[in-house]
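Here the structure comes first, spelled out in structure tokens, and everything after it is commentary.
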2 protein chains.
Amino acid sequence: MLSKIIRKIAIRRTYHENIRTSFLYFAARKLHNSQTLQQTAQNESSTIHASSIQRGNYSQLTSDHIHFFESILDKQRVLTDPSDVEPYNVDWLKLAQGQSKIVLKPKTTEEVSAILKYCNDETLAVCPQGGNTGVVGGSVPVFDEIVISTSLMNQILSFDELSGVVMCQAGCILETLENYLSDHGFQMPLDLGAKGSCQIGGNVSTNAGGIRLLRYGSLQGNVLGVEAVKANGEVIDCLSSLKKDNTGYHLKHLFIGSEGTLGIVTKVALQCPPISKAINVAFLGLKSFEEVLKTSINARKKLGEILSSCEMMDHATLDAVTSNLKLQNPIGEYPFYMLLETSGSNREHDQDKLNFFLQSSLVSGEIEDGVMASEPSKIKAIWEIRERAPEAFKADGWYIVYDISVPLKHFYEIVPIMSKCLAGTSVKRCTGMGHLGDGNLHLNVSGKEIDPNLPNIIEPILYEWTSLLKGSISAEHGIGIHKTKYLHYSKSNSSIQLMHNIKQLLDPKGILNPYKIFHN
Amino acid sequence: MLSKIIRKIAIRRTYHENIRTSFLYFAARKLHNSQTLQQTAQNESSTIHASSIQRGNYSQLTSDHIHFFESILDKQRVLTDPSDVEPYNVDWLKLAQGQSKIVLKPKTTEEVSAILKYCNDETLAVCPQGGNTGVVGGSVPVFDEIVISTSLMNQILSFDELSGVVMCQAGCILETLENYLSDHGFQMPLDLGAKGSCQIGGNVSTNAGGIRLLRYGSLQGNVLGVEAVKANGEVIDCLSSLKKDNTGYHLKHLFIGSEGTLGIVTKVALQCPPISKAINVAFLGLKSFEEVLKTSINARKKLGEILSSCEMMDHATLDAVTSNLKLQNPIGEYPFYMLLETSGSNREHDQDKLNFFLQSSLVSGEIEDGVMASEPSKIKAIWEIRERAPEAFKADGWYIVYDISVPLKHFYEIVPIMSKCLAGTSVKRCTGMGHLGDGNLHLNVSGKEIDPNLPNIIEPILYEWTSLLKGSISAEHGIGIHKTKYLHYSKSNSSIQLMHNIKQLLDPKGILNPYKIFHN
């Protein structure tokens, strides 16, 4: 089988000789070693990745510590009963498992500040946690870190209808904010499948992407201000609510996407766009990835400013959704599917544009079939196919999702290669879907019972491949605990050294979310 | 006159008693003191702001240093003739004047790295300079700093038509990039009046705003990657060309908007939007600022996703443009003018939307008069009224522009107050214009001969006012040298301390653009 894969790669990889040669060597070596690895791998740790990590030299929790926490929070907000603590120790995918003995639930910035000051003085490691919806094990403890949950920091502080700026505490759930803004004619600049559970502080701390990024840009552009608490308890107030503010260094970016390792985000100010009057969704069937690519380029040209999402999935992804969740495929069976969304201020204009685009794409043969929806219930039904895909994979038994960015022309190439690499293993599905408009592929791997060695087979090949294409080994999910050893594939040594220096500057004792992003 | 101003302020400032009381006290004190200040002010320095600054403990330039620079650059790229060096010592507004004796013009990152390593070893201060179009004195030396001009680093390195990502050296002129992209059906995500001279490295280093920010967002969202050289010559490669890349800290933001104090930006990767097929511009006359505000809100609602600029100017601004530059006002005389631009993918749809908006605004009486243009020559003529305003003020003799962000409802309030405060001084015009869509006002002050005491009258009042409204004392122009003493009006002490810590981390000897943002 290996020779077949190599031949297939060799045929496809003619555009860049160095990439091809290097990758082939690498893939062959990894596949050759995988059997041996599989035999010797032991589930030494309770997570699939953390086996080689040693606990840092942090203090152990004592009853004195607990008494202190109870003195600044009321007792109900200091959880120590193992059954209460357990849900905070395990991630959504059940791939990362911590051993924390305590969860603290502050309500205010001052409480977070007091907790951190104390933990820093006592050298107690902490793990900040929002909605615990991350998929890289970043939001659960690795050992016995104290969990600081932001879930009770859920106050919306202000909303300005003139500017569209909302200011809120970190623990507000994304969907709650969306519903609140909707009542005022506005919407959040980000949307993602986990919106019912994920918290805005976690979104900001992981620079979450999602399905609106194509239209409204990244959180780095939409977060106007952040309040965060440093490891020593000092509150850094960069909570500007201004669209423009060029007064000194843009410190908020230290906290956007640093996964809680430089500070705990306590408040956020976000620029929110007005809600669109007209939303249309099209679900398309296509015969090849080449047609998917052509269609995405045409959509950008012909739908221009109203294109708000451009998603793709392969047949194997749709099959998981229809088989496991019993959702209905609104069109026939095709190798690829696309979900396009338009949102604009004039329904008639938008439908004109979308109709023209769909008709010309059908006539040219770029798309095989498609449905279009304008009514909210039908739009929701179509979006569910895309948004509930992770739930569908999880229903197989276990599920790992990989999240890479590569140049658009190489977007899907790794999926068939990886599928072949995984033939003969316990993997049931290896599929591709993602945010085509952003060059962001999610590679989904699922099966009945997890084999802890699988990441050792998949990851070196996937990340080496991504690195050779100058892609990102984590487009939107972050590094967390699962990807620490691969950080160098996407970041230069000088960048990693500078990250360490900044970590040392802001958190010299390394108490904030240790073992994440890079090993301390 | 003072009592009249105070009465007027008192009538207007009922919405926030604390703001009013504090501001009145402050304004009265400043106005009372201004005569005394005026009498004692001496033009101790060659700049209007730098008189109190002491030269840092940097080495003096020697012939050995010059020989070294000539050994790594060819002699033509080491300027030491005073007449060659002089243009690099003075800013565009002729308000900041340095005394550098040498200008270095590297062509490559490696040359920048070698220069900085040497300067750091020798404790020689440097001043990075792009197109020298800044208005806060940030890009010219204060004393004898070595000027490192990026103007020969002008190579466009790559452009990907699939993703719209351009990668280039820092010295590329904005308009050159715009023209290059235009040939490929794309445009830059930023545009500003200085586009013919300003360089993208300077734009990035100052997080430049401009007239497209409303539509395409800030540079913080559009810059995908940066390569920068630290003070010690180390190259930090964050030159990702990916739309999404969540692998560790987002280090590029250390260099976006830090005004060359943390590193010299050498390369940039930018996300560029496709060029719009249809552009329309409307120039409107309005009878009051209240109508301006209503019109801007209506424009956002009715023009939605196609609104690409929403600018305003008062009558006094237009008067400067028509008197000094002989540009024609296409409509009658009104207290306020607005310039709206739409850009979209369908001319017919866009004109429908714009016509509907203009008609309903005329009928409701929110706008008094207006013209609309769709032909490039007419669009250019209307845009010139806005874009050439700085040139018009400069033609008065001297010109200072202040650049603040305040909540939209307070956008114009300071202009009439400041006009009255400045009555009886040498000021000829005190006018307001700005990016209404971003809450960003430019307060323009001009006259025949500069009075170096004027900033001492204007700035404390303006910045105190801005600070009380939780605004920004520099929305898009940066801090440079002119605003260092006012940084605390927009930034908390803890933030300023953290900025100092980061400066110390990245540039421990403080050689990079000293005296800027904050005094070393």
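Rule-based calculations on the coordinates, nothing more; no lab input. Nothing here was measured: the structure is a model prediction, and the numbers come from that model. Ideal geometry is used to build each Cβ from the backbone, glycine not excepted, and the neighbour counts take in all protein chains shown.
Data table
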| quantity | calculated |
| --- | --- |
| Hz values of 3J(HN,Hα) by residue in region A:258-273 - Karplus curve (6.51, -1.76, 1.60), Gly and Pro given as x | 9, 6, x, 8, 10, x, 9, 5, 10, 9, 9, 10, 10, 7, 10, x |
| Largest to smallest principal axis extent of the C-alpha atoms in region B:51-151, angstrom | 34, 28, 23 |
| Between region B:191-219 and region B:222-269, the Cα center-to-center distance that results, in Å | 17 Å |
| Residues with amide H under 5 Å from that of B:Ile148, placed H, sequence gap 5 or more | B:Leu104, B:Cys127, B:Gln129 |
| Across A:Lys243/B:Lys491; A:Lys195/A:Lys394; B:Lys252/B:Lys503; B:Lys94/B:Lys448; B:Lys195/B:Lys301; A:Lys470/B:Lys267, pairs whose alpha-carbon gap is larger than 22 Å | B:Lys195/B:Lys301 |
| Relative contact order of region A:51-151, defined on C-alpha pairs under 8 angstrom at six or more residues apart (%) | 32 percent |
| FRET efficiency estimate (nearest 0.05) - Cβ-Cβ, A:Gln99 to A:Leu162, R0 45 angstrom | 0.35 |
| Length-normalised contact order of region B:273-382 in % [C-alpha pairs under 8 Å, at least 6 apart] | 48 percent |
| Radius of gyration, Dmax [region A:283-341; alpha carbons; angstrom] | 12.2, 36 |
| Other-copy label distances relative to B:Lys287, 7 angstrom Cα-Cβ extension, nm | 6.5 |
| Alpha-carbon spread of region B:278-389, three principal axes, descending order, Å | 38, 30, 17 |
| Given charges at beta-carbon only (K, R positive; D, E negative), |dipole| of chain A in Debye | 1620 debye |
| Kirkwood-Stokes translational diffusion coefficient of region A:156-271, alpha-carbon pairs, 4 °C, 1.567 mPa s, µm²/s | 92 µm²/s |
| Antiparallel content of DSSP bridges confined to region B:278-389, in %, to 5 | 100 percent |
| Rel. contact order, % - alpha carbon contacts under 8 angstrom, at least six apart, chain B | 16 percent |
| Spin-label model distance (nm) - A:Glu391 vs A:Asp183, 7 Å beyond Cα toward Cβ | 2.5 nm |
| Number of partner chain Cβ atoms within 10 Å, mean per residue of A:433-441 | 2 |
| A:Val363/A:Glu290 FRET efficiency (R0 22 Å; Cβ-Cβ; nearest 0.05) | 0.80 |
| Simple spin-label estimate for A:His315 and A:Ile297 in nanometres, 7 Å along Cα-Cβ | 2.5 nm |
| Built amide H within the under 5 Å cut-off of A:Cys238, gap 5+ | A:Val226, A:Glu227, A:Ala228 |
| Label distances, nm, B:Ser63 versus same residue in remaining copies, Cβ-directed 7 Å point | 8.1 |
| Of B:Leu270, B:Val226, B:Phe255, farthest towards positive along the dipole that unit charges on Lys, Arg, Asp, Glu beta carbons give region B:217-296 | B:Leu270 |
| Sorted by Cβ density within 10 Å, fewest first, the residues B:Glu341, B:Glu145, B:Glu290 | B:Glu290, B:Glu341, B:Glu145 |
| Shape category assigned to region A:332-389 from the gyration tensor of Cα positions, a/c cut at 1.5 | oblate |
| Using θ = phi - 60° and Karplus 6.51 cos²θ - 1.76 cosθ + 1.60, couplings along region B:355-372 (whole Hz; Gly, Pro as x) | 4, 4, 5, 5, 4, 5, 6, 5, 4, 6, x, 6, 10, 8, 7, x, 10, 10 |
| Reduced Cα scattering model of region A:384-432, Debye log10 I(q)/I(0), q = 0.19, 0.20, 0.27 Å⁻¹ | -0.75, -0.82, -1.14 |
| FRET E, pair A:Glu122, B:Ile72, Förster distance 56 Å, beta-carbon r, rounded to 0.05 | 0.60 |
| Radius of gyration and Dmax over the Cα atoms of region B:226-315, both given in Å | 20.3, 57 |
| Euclidean distance between Cα centres, region A:363-441 to region B:298-321, Å | 43 Å |
| Other-copy label distances relative to A:Glu122, 7 angstrom Cα-Cβ extension, nm | 5.5 |
| Taking all pairs of distinct alpha-carbon atoms in chain B, Kirkwood radius in angstrom | 24.1 Å |
| Debye, to nearest 20: dipole size of region A:156-271, +1 on Lys, Arg Cβ, -1 on Asp, Glu Cβ | 280 debye |
| Nonlocal amide H pairs with B:Gln97, under 5 Å, H built at 1.01 Å | B:Thr47 |
| Nearest-to-axis residue of chain B, judged by beta-carbon position, where the axis maps B onto A, in Å | B:Gly221, 1 |
| Ratio of the Cα radius of gyration of the protein assembly as shown to 2.2 N^0.38 Å, where N counts its residues | 0.94 |
